[in-house]
Amino acid sequence: LKPGHIFSNGNIHPYTTFSFKTNKNISTKHAISEIQQLVNEAVRKRIPTNMKYGVFLSGGIDSTSILATAWKYNKNLIAIIGGNDNSEDRKVATEYCKENLIPYEIVEEKADAVEPKKTYTKSKDSSE
């Protein structure tokens, strides 16, 4: 299957479709500002206000951006870093936390050591 596709009723089709409005007249500076504002708002409304919470950190740009934004709004968090000792991403994630004084916990990768659990979360504005 291609990324973003499912097999259903004997057919392969996209899981979902997106419609985008483009504004080619927007400046790079304005586009960056808009993205920052949207990410800030999306993360802020999902951060608990009165409890400790965790943010998974892979060491990539996406999870690091989410962690940095969450840290800005509520410092009562712990970064959860996975991977094995030789993982470059794990090294990057650990260094990021150390440099920014963000508490973190490393979850060792052991196939038989973790029992799967189902956890369901909702954002504050979720209607599900």
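Close contacts from segment 71-92, counting a first residue that is over 11 Å from residue 106 (Cβ atoms) and among the charged types (D, E, K, R) and a second that is open to solvent by less than 30 Å² (accessible area, probe 1.4 Å) and not in a strand (DSSP E or B), with Cβ to Cβ under 7 Å and a gap of 6+ residues or different chains, come to 89/59; 89/60.
Beta carbons closer than 8 Å, at least 6 apart along the sequence or on distinct chains, pair a first residue in segment 13-42 that is part of a loop (DSSP other than H, G, I, E, B) with a second that is surrounded by 10 or more Cβ atoms within 10 Å (Cβ to Cβ) for 15/4; 15/5; 15/6; 16/4; 26/34. Per the conditions (1) open to solvent by 100 Å² or more (accessible area, probe 1.4 Å); (2) among the hydroxyl-bearing types (Ser, Thr, Tyr); (3) within 16 Å of the chain's Cα centre (by Cα), the sole criterion not satisfied by residue 96 is (1).
Which of the residues that make up segment 2-56 are open to solvent by less than 90 Å² (accessible area, probe 1.4 Å) and in contact with a His (Cβ under 9 Å, 6 or more places away or on another chain)? Within segment 2-56, 5, 6, 13, 14 meet the criteria. Just one of the listed residues (123, 127) is under 18 Å from residue 39 (Cβ atoms) and either among the aromatic types (Phe, Trp, Tyr) or at pLDDT below 95 (or both), namely 123. Determine, yes or no, whether residue 38 is over 17 Å from residue 104 (Cβ atoms) and not polar (S, T, N, Q). Yes; evaluated as a whole, the condition is true for this residue. Filtering segment 64-83 to residues that are of a type in the set (S, T, N, Q) and under 18 Å from residue 45 (Cβ atoms) leaves 65, 69, 74, 76.
Of all residues being among the basic types (Lys, Arg) and in a helix (DSSP H, G or I) in segment 43-73, which is farthest from residue 102 (Cα to Cα)? Just the residue, please. Only one residue fits best here, namely 44.
The values are calculated or read from the model by the stated rules, or taken from the named source; none is laboratory data. These numbers were taken from a predicted model, which means no experiment stands behind them. Using ideal geometry, Cβ is built from the backbone for each residue, glycine included, and neighbour counts are taken over all protein chains shown. All accessible areas refer to the heavy atoms of the entire protein, side chains included, with ligands and DNA or RNA removed. Shrake-Rupley method; radii C 1.70, N 1.55, O 1.52, S 1.80 Å.
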